[in-house]
Amino acid sequence: MIEFEVKQRRLTMGSRKGETAYFAVPKSGSRMTNRMVIDRLACETSLSTGDVSKVLIGLSATICDAMLMGQSVELGELGSFRISVPCRMMSEKKNVTEASLKSPKIVFTPRASMRAAVGAVKLSVDNPDGERLVSEDTGR
């Protein structure tokens, strides 16, 4: 479950400038560190923590090399990585050059199992002034 708390901020632009707006932010910014991932994978496999660490370093290098060559990288049930290079729309063909290309971005596309895991996350907003509702799932 991801728990949220209510914060407020004074709006500085737009039609609601000067008004106070309320929004939900996660209570905890916790994350799983690289060390935690390595330890967990070592526990779930027959690999040592050193072997898992080397595999993750190798995976990172392999993905970087593939993307430098413009290739996408498929990682089974995890998903895939690819580079996306948006281009500005030009009114004349002759103006489509390297200058019309925007900065490359990394795009990760998760597989169905990962999307299902995200869809199963329960959400809760801790709002003393409102109702405390817990979502059944994020699919709403």
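The values are calculated or read from the model by the stated rules, or taken from the named source; none is laboratory data. Values in this document were obtained by computation on a predicted structure and should not be read as measured data. Because the Cβ atoms are built from the backbone with ideal geometry, glycine has one as well, and the counts that use them run over all protein chains shown. With ligands, DNA and RNA removed, areas are computed over all heavy atoms of the protein, side chains included. Shrake-Rupley method; radii C 1.70, N 1.55, O 1.52, S 1.80 Å.
For Lys122, Lys94, give me the order by solvent-accessible area with a 1.4 Å probe, most accessible first, ignoring ligands, DNA and RNA.
Highest to lowest solvent-accessible surface, that is Lys94, Lys122.
Taking every alpha carbon pair in the chain, what does the distance histogram look like in 10 angstrom bins from 0, in percent?
The distribution over the chain is 9, 19, 25, 26, 17, 4, 0, given as percents.
Label points 7 Å out from Cα along the Cβ direction at Arg111 and Glu3: separation in nm?
3.4
Read phi for every residue in segment 83-88 and hand back ³J(HN,Hα) as whole Hz from Karplus 6.51 cos²θ - 1.76 cosθ + 1.60, θ = phi - 60°, with x for Gly and Pro.
9, 10, 10, x, 10, 5
What FRET efficiency would be calculated for the residue pair Thr62, Thr97, taking the C-beta separation as r and a Förster radius of 41 Å, to the nearest 0.05?
0.85
Sequence gap of 8 or more, or different chains, plus Cα separation below 28 Å: how many lysine pairs satisfy both in the chain?
Count of close lysine pairs: 10.
Give the residues of segment 1-28 whose amide nitrogen is closer than 15 Å to a point set 7 Å from the Cα of Asp129 in the direction of its Cβ.
Under cut-off, by backbone N: 5-11, 19-25.
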